[in-house]
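Following: one structure in structure tokens, then a few remarks.
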Amino acid sequence: MSNAAAARILFVLDDSKEQAALEKSFSDTYTIDFCYDAADTIHHIETTRPEVVVLNFQDDEMSPLAIAHIVREDRASHYVGLIYISRTESNDWLDRLIAAGVDICLPENRTQLQTQSAIASVLMLCSAKAEVQQFNQKLFSAYQRLKNQSFTDSVTGYGNRLFLQNQLRLEFKRAQRYQKHLILLLLRIDNFSVASQPSVVEESVLTQVSETIGSSVRFEIDFTGRSRESEFFVILPETDIDGAISVAERMRARIAKLHQSPDGKHLASSVGVAHFNGDRGNFENSDEFYQSAEAAVAAAQDHGGDQYMAVDSPAENQVTSQIA
């Protein structure tokens, strides 16, 4: 907020009789604006952005209480101090004004010194409010950064296991509610172990695989990431089993081209495909859905790897496979 010498004060008055006296008392210290139509108060606040508004009027159409409510509803803008000059209203009326957000109520027979003190006090309050607002904004930004980091894999920059769990839960509930297809792919790189602290070479492979998977799916529709060691995931909303198999084969083919050993072996991968059919409701919850995809990719590797296996129910006898 500006310092006191630059602070802007808006006086809302019935008429201009008090203007000369107010200018004499305050113009050397503050920037002074005047409004003589209560209905224009909010417009004046929006255009001149005063630090303090002094309400000294009586109006049947626009009351100080209404102005206080409107000003305090906009929590995103800077804090505007409100001072009300009482005209022998009841204590209940003054209590309602304070509850609505008026900072100070002064009697009509106040002295200029009382008005000056009230403005100075409210300016201090505005400054404190501004500091709190800035602190809260920084705190919220820090929280958002921390939240984003908690859902991001530190090696690849894509989603991590926590992101998978949260997003899969949301997508599964959505698929259940609207009876839509949903696919979960779990892809593991065959014969590729990753240390808890990956080496530079391992990080390079993991990053390339993540980028390859990301480029193989629909932008801003599907969700990808690394769930653990050399395992990656893809969530495909509103995708049937044929579409999922097409994506799985496309990813496997592209990953195979990333690296080839001196003896000619390519980078092989296995994929487990879990298919939720919204019409049948073949899985009861996202945990069962995920566990089925895990079982499918494990089965693919147990059968020699370099292939996909798909499930459309928790039952083991529903597993089908396709060897590349």
Of all strands (runs of 3 or more DSSP E) fully inside the stretch 33-129, the set with 3 or more residues that are open to solvent by less than 40 Å² (accessible area, probe 1.4 Å) and modelled with pLDDT of 90 or more is 52-56, 81-86
Filter pass, A296 being open to solvent by less than 30 Å² (accessible area, probe 1.4 Å) and either under 20 Å from I255 (Cα atoms) or of a type in the set (D, E) (or both): yes
Looking for something modelled with pLDDT of 85 or more, more than 30 Å from T212 (Cα to Cα) and among the charged types (D, E, K, R) - is there at least one such residue anywhere in the stretch 146-157? no
Return a yes/no flag: does the stretch 82-90 have any residue that is over 42 Å from the mean Cα position of the chain (by Cα) and farther than 19 Å from E108 by Cβ. no
Going through the stretch 219-243 one residue at a time, which ones are in contact with an Asp or Glu (Cβ under 6 Å, 6 or more places away or on another chain) and surrounded by fewer than 21 Cβ atoms within 10 Å (Cβ to Cβ)? P237
Those residues of the stretch 309-324 that are in a strand (DSSP E or B) and either modelled with pLDDT under 90 or open to solvent by 60 Å² or more (accessible area, probe 1.4 Å) (or both) come to a total of 5
In the stretch 1-20, anything modelled with pLDDT of 90 or more, of a type in the set (A, V, I, L, M) and out of contact with any Asp or Glu (no Cβ under 8 Å at 6 or more places or on another chain) is listed as V12, L13, A20
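The values are calculated or read from the model by the stated rules, or taken from the named source; none is laboratory data. Predicted, not measured: the structure shown is a model, and the values here were computed from it. So basically every Cβ, Gly included, is an ideal-geometry build from the backbone, and we count neighbours across all protein chains shown. These area figures cover heavy atoms from the full protein model, side chains too; ligands, DNA and RNA do not enter into them. Shrake-Rupley method; radii C 1.70, N 1.55, O 1.52, S 1.80 Å.
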